[in-house]
Every structure is written in structure tokens, then in C-alpha cells.
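The values are calculated or read from the model by the stated rules, or taken from the named source; none is laboratory data. None of the values given here were measured: they were computed from a predicted structure. Here the Cβ positions follow ideal geometry from the backbone for every residue, glycine too, while neighbour counts run over all protein chains shown. In case anyone asks, the SASA skips ligands and DNA or RNA and just uses the protein heavy atoms, side chains included. Shrake-Rupley method; radii C 1.70, N 1.55, O 1.52, S 1.80 Å.
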Amino acid sequence: MAENREPKQVNAGGKKTRRTAKVCEYLTYSGREAFKRLRTNVLIALGESNKNCRIIGITSAQPSEGKSTVSVNLAYSLSELGKNVLIIDGDMRRPAVHEIVGASLAPGVSDILTGKSGLNEAVVRYKSTVDSTVFDIIPGGEIPDHPAELLNSSRFGKVLEVVSTVFDYVIVDLPPVNAVIDAVNVSKYVDGLVVVLREDHCPRYVLGECMEQLRYARANILGFVMNGCIEGAGKHYQYRYQNQPYYRTEK
């Protein structure tokens, strides 16, 4: 990725924005603090390293746990530290990052991996309207026929290798583990995985199946995020997803 090319910019609150109320700058004080705690815990879990870039995967056991919202806000929170952060929407079956930040779906990851777009053309920049926080995004792109094969390809590994030379942190938003195999395939490329759970939503046996699959793949589990929890004074810290398509079963 050429560093001399300015990414397309997406300002929070722009005309395309429909879900930026879920980004840190629009959350309540308790919501912003929750993501700062998450940021601290993730950095502790990653530990010390000589690597210039750390790659973090965000997944869940099943759909509608809020993993994409967590991915975006973790990226925002890391950016507040003055770090160069990129979020990649690796959920090419049901991409959501572009909607949260108010960007276009394509070009994106799938277009890069199929050769329809270059890496430079797919990167967009989110710029906060309340402070100097910025981070970059690669949306999901056009929904491909075989997303699992694309994410498991050496080309995706090469994309991560290239962006690792530019960014301090790369966050990869991944599909649910129990729905499709994508997150398991990508686990070999990341330094660690964060598993998102929505309170009173994910049955214990579903989480157990998720963990069994990740342990079999020898994935490094950094920890869990309990989403949709009740914050103090009866305030709710939760998100809702409606009218979302289901994950397709692999042929």
C-alpha cells in the first residue's frame, strides 16, 4: 500500500452515515469508558512484542452478538492513543462495518482478493467530528461466491503482511465461528482473537462449540466481551440489529 496516497475520507455525521451513533464519539460516558477498558485489557492480553504491528481478530459464536460494533469502537479507542489503526471487514458474507461508519460497501476486501481493486483504492478514512481521532477502514466489498476460500488464501495473508508495514494495529472483523469456518481459517494470521457475546443471547452450549473449534485450531483467545450489558443506574449499553440477511451455508 502506497503511503503517499490519502485515503477517501468519511466524516462522522456525513450524508451516507446511518449507524455512526454506535461509534465511540456518540456513546454515553459509560459506553466510551467500557471500550477504554476493553482497549487496556486487549493490550495487556497481547503482551510485550517486538512486532511493529499487532493483528487482532474479532468474532462471536453466533450472529447478532455485536462484534462489528465492538470492532469499530476498539479501532476508535486504539486510535485515541495516537496509533495508526486499520479495521478490515473480513465478514464478506454479511458486512456491517461500512454501515456503522457511513462508507460504501465496495471496493473492499473481496474486490482486492479477486483482483477487481487495488489495496489503495479500497481504503477509506473515518475522521471524528469531535476530536482528532482518525482510523482507516477496508470495507467488505461485493459479496463473493466463495468467501472462505478467499480468506484462507495466501493473497489475504499477503494483504495483512502489506498493511502491517503501515499500521500499528489491524483489527479484522470476522464472521461467527459456529456459522461458517472463516474465523477459524483466519486465526492463523492474527496475534489473538476476541470473542463477543451478547448478554442473555448466546446459549452456553453454542459458546462451548465455538471454543472447541477455536481450541482445535490452536487460536490464541485474548478474552471475551460481554455486550448488551446493563450499566450502572439502570442504563443499557446495547445495540440492536434488524433486517439482516442470514449467513449462507457453504456448498
Revision key, fill the gap. Residues other than ALA106 with Cβ under 9 Å of its Cβ, Lys/Arg counted +1 and Asp/Glu -1, net out at -1
Review point. Hey, what's region 47-119 come to in accessible area per residue, 1.4 Å probe, Å²?
Key: 28
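How much of the accessible area of region 160-236, probe 1.4 Å, is carbon plus sulfur, in whole percent? Can you show the working numbers first?
Working: 1830 of 3800 Å².
It is 48 percent, rounded to a whole number.
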Exercise for review: Name all residues of region 86-120 having a backbone nitrogen under 16 Å from the label point set 7 Å from the Cα of ILE143 along its Cα→Cβ direction, giving them as ranges.
Suggested key: 90-99, 105-106, 108-111
Exercise for review: Percent of Cα-Cα pairs per 5 Å bin, from 0 to the last occupied bin, for region 14-106, please list those.
Suggested key: 2, 12, 22, 25, 21, 12, 5, 1, 0
Point to revise | Pairwise label distance in nanometres, LYS51 with LYS36, each label 7 Å out on the Cα-Cβ vector | key: 2.7
Practice item. With a 10 Å radius around each residue's Cβ, average the other Cβ atoms per peptide and rank 167-173, 200-206, 70-76, highest first. Key: 70-76, 167-173, 200-206
Review point. Taking the mean number of other Cβ atoms within 10 Å as a proxy for protection, how do you rank 33-41, 84-92 from highest to lowest?
Key: 84-92, 33-41
Check your understanding: What are the semi-axes of the equivalent ellipsoid of region 107-221, taken as the square roots of 5 times the eigenvalues of the Cα gyration tensor, listed largest first and rounded to whole Å?
Key -> 26, 19, 14
Check your understanding: If you take the beta carbon distance between LYS158 and THR28 as r and set R0 to 25 Å, what does 1/(1 + (r/R0)^6) give as a FRET efficiency, to the nearest 0.05?
Key -> 0.05
Review point. Within region 13-144, how many lysine pairs that are 8 or more places apart, or on different chains, have C-alpha atoms less than 22 Å apart?
Key: 14
